[in-house]
Amino acid sequence: MTHSSASQVVRQILEGPVTRPALLRWRRQQFLSEAGFGSYFGVFDSFAQARDWLPASPEFDHAALAAEYVDVRTKRVFPYDYPVMWWLDRAFRDGANRVLDIGGSVGVHFYAYRRYVEMPRDLSWRVVEVPAIASIGRDMVGRPGAEADGLSFTGDLEHVMGGGDDIWIAAGSLQYFENARPGELLRHCAVRPRYLLLNKLPLHDGQDYVTAQNIGAGCFSPVHVYNRKQYVEEIEARGYVLRDQWPVLERSLYLPGFPERCVPQFSGLYFVR
Ligand SMILES: C[S@@+](CC[C@H](N)C(=O)[O-])C[C@H]1O[C@@H](n2cnc3c(N)ncnc32)[C@H](O)[C@@H]1O
């Protein structure tokens, strides 16, 4: 038996009716501590309900959360980035040159992908971010040798999303926005993008729900988990075709006490209008 299947068996036993209350107490305590970094806990009806339960924190709007993105994620790509780079490269070859990168941190995808993808000369790459992270991103653009002329930052998704961008990228981010289902965003968007590259999404076959994640540095955030079929159909209803999809094996969501709500692997989706 492999280590992961052994730990699945242990989990199954702990999820049983006798041990479940103790499991939940233990995991709750762990979730709220430093050791709970990255873990998920709880099922909530809404972001507001999750926020009422969570310890007060700035959520993602905290400069300390940028460190790993600045030090590591601007400099390397991960296996789940390859489908995004592949389709991005094709879109650029087809003449696209305006990217809206929703939740793109300090510009991680801009910096990391340009090592492998030839960026258009007249590129506009606009990142939507929370104030603390956007401010670090802007500082980086201004550093000598950054060569990041096309990269800019904004905090206002609603204001910029109809601005005629060709490509929307959202990697591991839309689930943290309270109201950002792509189907809904596109409904309110005057000029819709031609390409949608959505990566690292918690999609599953069950119903939508809200949970919470320990995101590090004493910060916590509500998170949406979505029903895959509905999520995709809402985008298709706005005139898009799902051209590609891929599993993101490096991301999963284990929810203590709710085995049927776990997401064994996240997903990536690529749509073309
Ligand atoms: C898990 S990180 C992913 C970062 C990057 N896209 C990546 O794949 O490495 C989620 C990002 O979404 C941003 N984010 C979350 N909620 C946001 C909001 N309401 N407005 C703007 N950005 C938000 C966070 O600041 C964070 O940088």
- Shape call for the range 141-261 from the C-alpha gyration tensor, a ≥ b ≥ c root eigenvalues: rounded (a/c under 1.5), prolate (a/b greater than b/c) or oblate? oblate
- In terms of the alpha carbon gyration tensor, root eigenvalues a ≥ b ≥ c, rounded if a/c is under 1.5 and otherwise prolate when a/b exceeds b/c or oblate, the range 7-71 is oblate
- Magnitude of the Cβ-charge dipole of the range 162-273, K/R +1 and D/E -1, about the Cα centre, nearest 20 debye? 180
- About its Cα centre, how strong a charge dipole does the range 32-272 have in debye, to the nearest 20, once Lys and Arg get +1 and Asp and Glu get -1 at the Cβ? 560
- Query: Which of rounded, prolate, oblate describes the range 70-110, given a ≥ b ≥ c as roots of the alpha-carbon gyration tensor eigenvalues and a/c under 1.5 marking rounded, otherwise prolate only if a/b is larger than b/c?
  - Reply: oblate
- Task: Work out the charge dipole of the chain with +1 on the Cβ of Lys and Arg and -1 on the Cβ of Asp and Glu about the Cα centre, then indicate which of F266, V223, L196 is farthest towards its positive end.
- Result: F266
- Length-normalised contact order of the chain in % [C-alpha pairs under 8 Å, at least 6 apart]: 23
- Task: State to the nearest 20 debye the size of the charge dipole of the range 123-228 about its Cα centre, where the only charges are +1 on K and R beta carbons and -1 on D and E beta carbons.
- Result: 160
- Item | Listed residues V99, S39, V84: farthest to the positive end of the dipole of the range 1-159 (Cβ charges) | S39
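Tell me, what is a quarter of the convex hull surface for the C-alpha atoms of the chain, in nm² with one decimal?
15.0
Here, each number is a calculation from the coordinates, and none is a lab measurement. Please read these numbers as outputs of a predicted model, since none were measured by experiment. A quick note on method: Cβ atoms are made from the backbone with ideal geometry, for glycine too, and the neighbour counts reach across all protein chains shown.
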